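Below is one structure, written out as structure tokens; comments come after it.
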Amino acid sequence: MKKILVFGSIIVVVFALLALLTITSNKQKMESVADNQFGKDELTPATMDIVDDPNYQNAILPEELQDRLDNEETFTVYFYASDCPHCKEATPRLVDLAEELDEDIPQYNLREFEQGWSDHNIESTPTLVHYKDGVEEQRIVGAAETEIYEQFLTAFPSE
């Protein structure tokens, strides 16, 4: 019985140390990105992984998106989840295409701002939504082929 208690105690201590190391590591990571574009003190681990990725540097915050919609602007928004494998595949292609077409496509991170799912009727990621005069005009749901994105951005340019 004593052996079970000793081994059980050792296992508890090991897990506690692992948890402490993880928390410390995340705090250090957060300090290194103190000026993150999401304006939050804590980020999800998936977002921490992409915070320095050049493909994810055009963030739009919920308030900014709402202001643009209220101002009846015409623009396209890319809704993604930082842990979505389909987004990780589609984002580099979409960013390259946007640069090539000289389009500014703000990126809304649904993992950091969960209210975006319901506020903008997002059912899955990635989702590309074009707004005309502040009203949704068209959307692409899912990781589309580059040609489909190109047709979409050409048909629905930002102003």
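The values are calculated or read from the model by the stated rules, or taken from the named source; none is laboratory data. Predicted model, so just to flag it, every value in this text is computed and none were measured. So basically every Cβ, Gly included, is an ideal-geometry build from the backbone, and we count neighbours across all protein chains shown. Protein only, heavy atoms only, side chains kept; ligands, DNA and RNA dropped before computing areas. Shrake-Rupley method; radii C 1.70, N 1.55, O 1.52, S 1.80 Å.
What do you reckon, is Leu128 under 26 Å from Asn36 (Cα atoms) and either at pLDDT 95 or above or out of contact with any Asp or Glu (no Cβ under 9 Å at 6 or more places or on another chain) (or both)? Considered against the rule, which asks whether it is under 26 Å from Asn36 (Cα atoms) and either at pLDDT 95 or above or out of contact with any Asp or Glu (no Cβ under 9 Å at 6 or more places or on another chain) (or both), Leu128 comes out as yes.
Could you list, ordered by first residue, the pairs with Cβ atoms under 8 Å in which the first is in region 38-55 and open to solvent by 50 Å² or more (accessible area, probe 1.4 Å) and the second is part of a loop (DSSP other than H, G, I, E, B), at least 6 apart or interchain? Cβ pairs passing all conditions: Gly39/Leu61; Lys40/Glu112; Asp49/Ser82; Asp52/Val33. The set of residues in region 80-96 that are buried (at least 18 other Cβ atoms within 10 Å of the Cβ) and part of a helix (DSSP H, G or I) comprises Cys87, Lys88, Ala90, Thr91, Leu94, Val95.
How about region 80-91: which of its residues are among the polar types (S, T, N, Q) and either over 14 Å from Tyr149 (Cα atoms) or touching a residue at least 40 places away in the same chain (Cβ under 8 Å) (or both)? Even if it seems obvious, please write down each step before you answer.
Here is the first cut: in region 80-91, the residues among the polar types (S, T, N, Q) are 82, 91.
Selection gives Ser82 alone.
Residues that are part of a loop (DSSP other than H, G, I, E, B), touching a residue at least 12 places away in the same chain (Cβ under 8 Å) and over 20 Å from Gln57 (Cα atoms) within region 135-146 comprise Gly142, Ala144, listed in sequence order. Please work out which residue is surrounded by the fewest Cβ atoms within 10 Å (Cβ to Cβ), limiting yourself to region 63-79 and to residues that are without any contact (Cβ under 8 Å) to a residue 60 or more places away in the chain and within 18 Å of Arg139 (Cβ to Cβ). Here the answer is Gln66. Taking region 101-134 as the search range and keeping residues that are in contact (Cβ under 8 Å) with a residue 60 or more places away in the chain and over 15 Å from the mean Cα position of the chain (by Cα), which one is nearest to Glu64 (Cα to Cα)? Among those that are in contact (Cβ under 8 Å) with a residue 60 or more places away in the chain and over 15 Å from the mean Cα position of the chain (by Cα), it is Gly134. Taking the criterion of being closer than 11 Å to Pro126 by Cα and among the charged types (D, E, K, R), the residues of region 84-110 that qualify are Lys88, Glu89.
Is there a residue in region 92-99 that is more than 24 Å from Asp133 (Cβ to Cβ), free of Cβ contacts under 8 Å to residues at least 60 places away in the same chain and within 12 Å of the chain's Cα centre (by Cα)? No: zero hits. All conditions but one from (1) more than 18 Å from the chain's Cα centre (by Cα); (2) surrounded by 20 or more Cβ atoms within 10 Å (Cβ to Cβ); (3) touching a residue at least 60 places away in the same chain (Cβ under 8 Å) apply to Tyr149; the one that does not is (3). Residue check: is Ala143 among the aliphatic types (A, V, I, L, M) and touching a His at 6+ places or on another chain (Cβ under 8 Å)? Taking the combined requirement at face value, the residue satisfies it.
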